[in-house]
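Structure first, then comments.
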Amino acid sequence: MRFARFVRRWDEDASPPGDDWVRRDLGRRALVPAAWLWLANIAVGLTIVGPLQSLPAEVVVNEELAEERIPELQVPTQIVSNIGGTHVLIYTCVVVVAFLLWRTRQWWFAVVPAIALSVQSAVFTSASFLIGRSRPDVEHLDISPPTSGFPSGHTGASTAFYLVSALLAQRIRHTGLRRALTVLFLVLPLLVGFSRLYRGMHHLTDVTAGLVNGTVCAWLAWRWLRRAGDDEGGEADDDARAADAGRAGRSAPRVAGSGTGVDGVGREPEPDERHEQLPPPLAHVVDTHHEHDEADRDDEGRPRR
């Protein structure tokens with residue numbers, strides 16, 4: 001139940017955020033947790049290249065995959081590996097963000113894939129530079145990027161982006177298409193990770209760390225902005241959020257009897273309708289004055305002297 005609500009959180013509350021909430025939530029709900037994720041990467045990575053001496057037994061996985069390489073998998077693994085590459089994901093992300101912005105007119109929702117990809121990239125780039133783990137000692141089928149082996153950037157970026165894409169796919173009404181795309185988006189990161197192993201570009205722990213990084217970044221991006229129904233915050237934050245939303249230019253919904261007419265569309269109410277809209281106590285007062293007024297007039301409608 002909680003997961004279903006997590007998936008639908010952007011559908012249940014589409015209200016625009018105020019500027020204060022954008023800065024506060026992006027920092028507190030995305031960037032600060034990402035800093036802890038970065039520290040975890042540094043701790044694990046330095047442990048691997050330090051006390052664990054880069055896990056020499058782990059290279060056996062890469063050696064076995066290198067020995068079992070077949071020509072039929074050369075092109076497919078290259079294509080899948082490129083799907084997790086920087087350029088492909090950036091271009092795809094721009095298209096997805098533009099599409100979401102066009103369809104929803106909600107920039108705060110449209111930027112979710114970009115946040116996932118950006119946070120993952122920041123964590124991966126800085127962590128891999130400091131850790132400096134060498135790549136497996138086997139033949140590399142791809143050109144080695146300047147970054148080191150731990151964690152896997154291809155795996156992390158594809159996991160972050162395609163997990164968010166799987167969450168976005170839950171908005172599709174056609175059941176068959178929604179399920180097919182969900183499965184595809186969930187499988188693609190695993191295929192990218194296998195391709196990086198198969199092509200000799202990463203150790204198994206590099207790919208595992210990439211999967212973890214991407215999953216966490218997708219989760220952080222999907223919840224980067226507080227929505228109605230979130231457990232944290234309390235009434236004070238709800239009041240502040242409502243005030244910020246008001247400053248952002250949101251107008252209150254029109255309802256019957258709120259000064260816009262009984263039909264709620266701005267039509268000026270007729271006199272009888274105004275009387276019907278009065279609360280019971282005021283209606284009683286009006287009725288009382290009306291009765292007194294009739295009692296003070298004669299049969300011809302003239303005031304009694």
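At-a-glance table
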| quantity | calculated |
| --- | --- |
| Qualifying residue in segment 27-41 (condition: more than 30 Å from G149 (Cβ to Cβ) and touching a helix residue (DSSP H, G or I) at 6+ places or on another chain (Cβ under 8 Å)) | yes |
| When residues of segment 141-191 are limited to those that are part of a helix (DSSP H, G or I) and among the β-branched types (V, I, T), the one surrounded by the most Cβ atoms within 10 Å (Cβ to Cβ) | T155 |
| Test: P113 is assigned to a loop (DSSP other than H, G, I, E, B), closer than 24 Å to C217 by Cβ and in the same structural domain as T147 (by TED's automatic domain parsing) | no |
| L52 vs. criteria closer than 23 Å to M201 by Cα and aliphatic (A, V, I, L, M) | yes |
| Single residue of V59, V80, V22, V44 found to be in the same structural domain as S134 (by TED's automatic domain parsing) and under 30 Å from W108 (Cβ atoms) | V22 |
| Any hit, segment 86-96, residues being at pLDDT below 95 and in contact with a Gly (Cβ under 8 Å, 6 or more places away or on another chain) | yes |
| Residues of segment 74-121 that turn out to be polar (S, T, N, Q) and within 13 Å of the chain's Cα centre (by Cα), as a count | 2 |
| Helices (runs of 4 or more DSSP H) enclosed by segment 1-93 - at least 1 residues per element that are among the acidic types (D, E) and surrounded by fewer than 17 Cβ atoms within 10 Å (Cβ to Cβ) | 9-12, 19-26, 59-67 |
| Meets criteria (free of Cβ contacts under 8 Å to residues at least 60 places away in the same chain, of a type in the set (A, V, I, L, M) and either more than 18 Å from A122 (Cα to Cα) or outside the structural domain of L117 (by TED's automatic domain parsing) (or both)) for A4 | yes |
| Within segment 152-192, tally of residues that are more than 26 Å from P136 (Cα to Cα), β-branched (V, I, T) and in contact with a Lys or Arg (Cβ under 9 Å, 6 or more places away or on another chain) | 1 |
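The rows are residues; the columns are (1) among the aliphatic types (A, V, I, L, M); (2) under 30 Å from T182 (Cα atoms).
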| position | (1), (2) |
| --- | --- |
| R8 | no, yes |
| G18 | no, no |
| V22 | yes, yes |
| L26 | yes, yes |
| A34 | yes, yes |
| I42 | yes, no |
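The values are calculated or read from the model by the stated rules, or taken from the named source; none is laboratory data. Note that this is a predicted model, so its numbers are computed, not measured. Don't worry about glycine lacking a Cβ; one is built from the backbone with ideal geometry, like all the others, and counts go over all protein chains shown.
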